[in-house]
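A.B. asks: Could you have a look at this structure, given as structure tokens, before my questions?
The values are calculated or read from the model by the stated rules, or taken from the named source; none is laboratory data. Everything numeric in this text was worked out from a predicted model, so none of it was measured. A quick note on method: Cβ atoms are made from the backbone with ideal geometry, for glycine too, and the neighbour counts reach across all protein chains shown. To get the accessible areas, we keep the full protein, side chains included, count just its heavy atoms, and leave off ligands, DNA and RNA. Shrake-Rupley method; radii C 1.70, N 1.55, O 1.52, S 1.80 Å.
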Amino acid sequence: MKRTLFFNLLTLFLIITLYLPDTIAQDQYYSILAGHGRPVYSLSFSPDGSMLASGSVDKYIMFWDVKTGAHIRTLTGHRTIVYSVSFSPDGSMLASGSGDNTVMLWDVNTGKHINTLEGHEDIIRSVSFGPNGTTLASGSKDGTIRLWDVKTGELLNTLEGHTDTVTNVTFSPNGVSLASGSKDGTIRLWDARTGTLLRVQETQAGSVMSLSFSPDGSMLASGYGDKSIRLWDVETGELLNTLTVYKEQVLSLSFINDGSVLVGASSGATIFWDVRTGKHLHKLACPGVPIYSASIHPDGSMLACGWMGNSIRLFETKTGAHLRTLAGHTDYIYEISINPDGSVVASGGLDGNLRLWDIKTGAHLRTINTQSENVERSPVLGISISSNGSIVASGSADKTIRLWDMKTGEHLRTLAGHKGSVRCVTFSPDGSIVASGSGDIRLWDMKTGAHLRTLTGHGRSIISISYSPDSATLASGSYDDKNVWLWNLNTGENTHKLTGHKNYVISVSFSPDGSMLVSGSVDRTIRLWNAKTGEHLHTLEGHADRVNSVSFSPDSSMLVSGSHDGTIRLWDAKTGKHLHTFEGHGDNVTNVTRARYVSSVIFNPDGETLASAGYDGTIRLWRLSTTKVNIAQ
């Protein structure tokens, strides 16, 4: 099915695949196809999905091999911008619409120009083949739709009625009807054989930006200038549903999974909907780079996007994205921790409660009220689960660390001695010691609760601490300087200060294999370090606000970061390349910017699930598999 967009900043990446009632899976693979000299305004996959055609402001049409990313050939002939491209149903021909007011037909196998269709009095904004391949429709800024005989090039009919630019034309799956959308705010349904106007759908929703028939032809989805999506019954013209959660205009629509899921893209996000219920299933973040065009692979496995930087990017998914949302906290969540077998996630936050959740089912297992008797409200600022999964430690604004039995919720012990809020806690890898960060770092014996050692040197609150896998080194970040501090735990001495960040370091984590250390900062960057030598390896940039949390995958191949910008980013730990962006926190909270903040991210020990916590008071679970990156030029 043709998917072309014009002139607008289309949104980003996404890709489609398997949807279950409560899950959306996602594994991203992408190629970058570079060759155009100007932005790409139109894209179309061949019916068999093996080839991609692109039309650009540079006047050229390019063919690409989808599997390898190789450039196949370039078609020249148009005198100005190519606004729309579309393959014939059998994949043998390509139609292109241009700002030179012409439609051109091309032989896909040879690249030879077959015919030029002339008659429109202004730019061609949309072209679409009928399902039998014998008829072609074109929509123009002149307000008309023209139907052409593909074999002879003869003009069969001119459909008039729109009072402004025709932005979209698309045939119904059976070829009986043709739908057109316009900047005049109307959708017109035509008899594709006779040209008879069957129905006019009028709304006060603004320009029609996108159209898509469901696979069975019973529904028509339309995206409007008022940032809404409307679903229509094709037979009766009845409005079935209105979806209104976009912040920008909806520029692309497509039905997938045999029509059960609708995908809508704007310049702000890509959203998946359950067609039957209208329920919002999932939202994929825009990676922050304007996109001009998009096309969805025939099997729904891939999305091609025309990037602002004159390139095309291909995104493919096989498993996983947002899996589940765990709601129950009444205020911000500051920290989450997952037990060693990956079955339970613990969360703590501003409401002073420690909550335990079943990761597999999402069920709430237990709430532990951590409030001390002499403090009215004592937020839980840091939490950690012991290596054997039996104990959870909580650090609080009441200056104490408390130990709790994971199975019963029983309070086991209180560790007191800090002079300020305890903002972070972590167990040693063998579970024998718990470390806590406040104005200083303290080490405690787990069995007796005895204070073992105090590490001093930081001038202000320690925000994050992390043990090396061999328990020999502790890393810390604080509000007093811009460095990562490394401590020898045998001597208690500060051995290294890793410099490079331009603002406070608020998150640190060792890789499970002990080779790397990662740090996240208020300066919006993430830095990777050689854990043995302290050598700076990579600086990861992309977040638009402070990086609150960083964590490695169990195999040390990837790392994840959470930020005040509302996004969760996945990175290749070896190369530092950005692999994927997740977004979703704060979706159901209006007019509260802080609700989008991501405060904590962590991998499940199984390596297949990612957990995030946010200021919206929820924990979100995401399913993923290893992300692969290929760049073809």
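A.B. asks: Quick one: Karplus J couplings for the stretch 336-345, per residue in order, coefficients 6.51, -1.76, 1.60, θ = phi - 60°, nearest Hz, x for Gly and Pro?
C.D. replies: Karplus-based 3J(HN,Hα) across the stretch 336-345 equals 9, 8, 10, 6, x, 8, x, 9, 10, 10 Hz.
A.B. asks: Quick query: amide H of residue 381 versus all other amide H atoms, modeled in the peptide plane; which residues come in under 5 Å with a sequence gap of 5 or more or a different chain?
C.D. replies: Result for residue 381 returns 395, 396, 397.
A.B. asks: Now a separate question. For the stretch 163-258, what is Rg from Cα atoms divided by 2.2 N^0.38 Å, rounded to two decimals?
C.D. replies: 0.99
A.B. asks: Now, a different point. Carbon and sulfur: what percent of the stretch 80-195's accessible surface (1.4 Å probe)?
C.D. replies: Summing carbon and sulfur atoms, their accessible area is 42 percent of the total for the stretch 80-195.
A.B. asks: Would you work out what percent of the accessible area of the stretch 342-442, with all protein chains in place, is carbon or sulfur (probe 1.4 Å)?
C.D. replies: In the stretch 342-442, the share of accessible area belonging to carbon and sulfur is 45 percent.
A.B. asks: Search the structure for amide H atoms under 5 Å from the amide H of residue 144, placed 1.01 Å from N in the peptide plane, and list their residues when 5 or more places away or on another chain.
C.D. replies: Hits under the 5 Å cutoff: 166.
A.B. asks: Cα gyration tensor of the stretch 452-548, axes a ≥ b ≥ c as square roots of the eigenvalues: rounded (a/c below 1.5), prolate (a/b > b/c) or oblate?
C.D. replies: oblate
A.B. asks: If you don't mind, there's one more thing I want to ask. What distance in nm separates the two pseudo spin-label positions at residue 67 and residue 364, each 7 Å out from Cα along the beta-carbon direction?
C.D. replies: A separation of 5.2 nm, rounded to one decimal place.
A.B. asks: Right, another one. Where the centroid of each part is defined by its Cα atoms, how far is the stretch 440-474 from the stretch 44-92 in Å?
C.D. replies: Cα centroid of the stretch 440-474 versus Cα centroid of the stretch 44-92: 60 Å apart.
A.B. asks: OK, next. What nm distance separates the two modelled labels at residue 502 and residue 412, each placed 7 Å from Cα along Cα→Cβ?
C.D. replies: Between residue 502 and residue 412, the simple spin-label model gives 4.4 nm.
A.B. asks: Also, I was wondering about something else. Quick one: if the Förster radius is 45 Å, what FRET efficiency do residue 260 and residue 479 give, using the C-beta to C-beta distance and rounding to 0.05? List each step's numbers first, then the result.
C.D. replies: Working: r = 50 Å, r/R0 = 1.10.
The pair residue 260/residue 479 has a calculated efficiency of 0.35.
A.B. asks: Please give the per residue accessible area of the stretch 467-592, computed with a probe of 1.4 Å over protein heavy atoms only, in Å². Before the final figure, lay out the partial values.
C.D. replies: Values: 4760 Å² over 126 residues.
Ligands and nucleic acids excluded, the result is 38 Å² per residue.
A.B. asks: Multiply the residue separation of residue 203 and residue 606 by 0.36 nm, subtract the distance between their alpha-carbon atoms, and state the gained length in nm to one decimal.
C.D. replies: Fully extending the segment from residue 203 to residue 606 adds 140.1 nm.
A.B. asks: Once you have a ≥ b ≥ c as the square roots of the Cα gyration tensor eigenvalues for the stretch 63-104, tell me rounded if a/c is under 1.5, and otherwise prolate or oblate according to whether a/b is larger than b/c.
C.D. replies: In terms of gyration-tensor shape, oblate.
A.B. asks: With the other protein chains left in place, how much accessible area per residue, in square angstrom, belongs to the stretch 59-180 at a 1.4 angstrom probe?
C.D. replies: Working: 4680 Å² over 122 residues.
The answer is 38 Å² per residue.
A.B. asks: Residue 163 to residue 341: FRET efficiency via 1/(1 + (r/R0)^6), r the Cβ-Cβ distance, R0 45 Å, to the nearest 0.05?
C.D. replies: E between residue 163 and residue 341, to the nearest 0.05, is 0.10.
A.B. asks: How much length, in nm to one decimal, is gained on full extension between residue 74 and residue 236, taken as 0.36 nm per residue of separation minus their Cα-Cα distance? Could you put the intermediate results ahead of the total?
C.D. replies: Details: separation 162, 0.36 × 162 = 58.32 nm, distance 4.43 nm.
Difference between extended and current length: 53.9 nm.
A.B. asks: Okay, next question. Using a ≥ b ≥ c from the Cα gyration tensor of the stretch 34-105 (square roots of the eigenvalues), is it rounded, prolate or oblate, where a/c under 1.5 gives rounded and otherwise the larger of a/b and b/c decides, a/b for prolate? Write down the numbers at each step before the final one.
C.D. replies: On the way: a/c = 2.20, a/b = 1.27, b/c = 1.73.
Judged from the Cα gyration tensor, the stretch 34-105 comes out oblate (a/c at least 1.5, b/c at or above a/b).
A.B. asks: Can you list the HN-Hα couplings for the stretch 165-182, worked out from phi with the Karplus curve (6.51, -1.76, 1.60; θ = phi - 60°), rounded to whole Hz and with x for Gly and Pro?
C.D. replies: For the stretch 165-182, the Karplus curve yields 3, 7, 8, 9, 9, 8, 7, 5, x, 8, x, 6, 10, 10, 10, 10, x, 9 Hz.
A.B. asks: Go ahead and run the numbers for FRET between residue 557 and residue 276, Cβ-Cβ distance against an R0 of 41 Å, rounding to 0.05.
C.D. replies: That pair, residue 557 with residue 276, gives E of 0.60.
A.B. asks: Using the Karplus equation 6.51 cos²θ - 1.76 cosθ + 1.60 (θ = phi - 60°), what ³J(HN,Hα) coupling, rounded to whole Hz, does each residue of the stretch 562-570 give in order, writing x for Gly and Pro?
C.D. replies: x, 9, 4, 6, x, 10, 10, 10, 9
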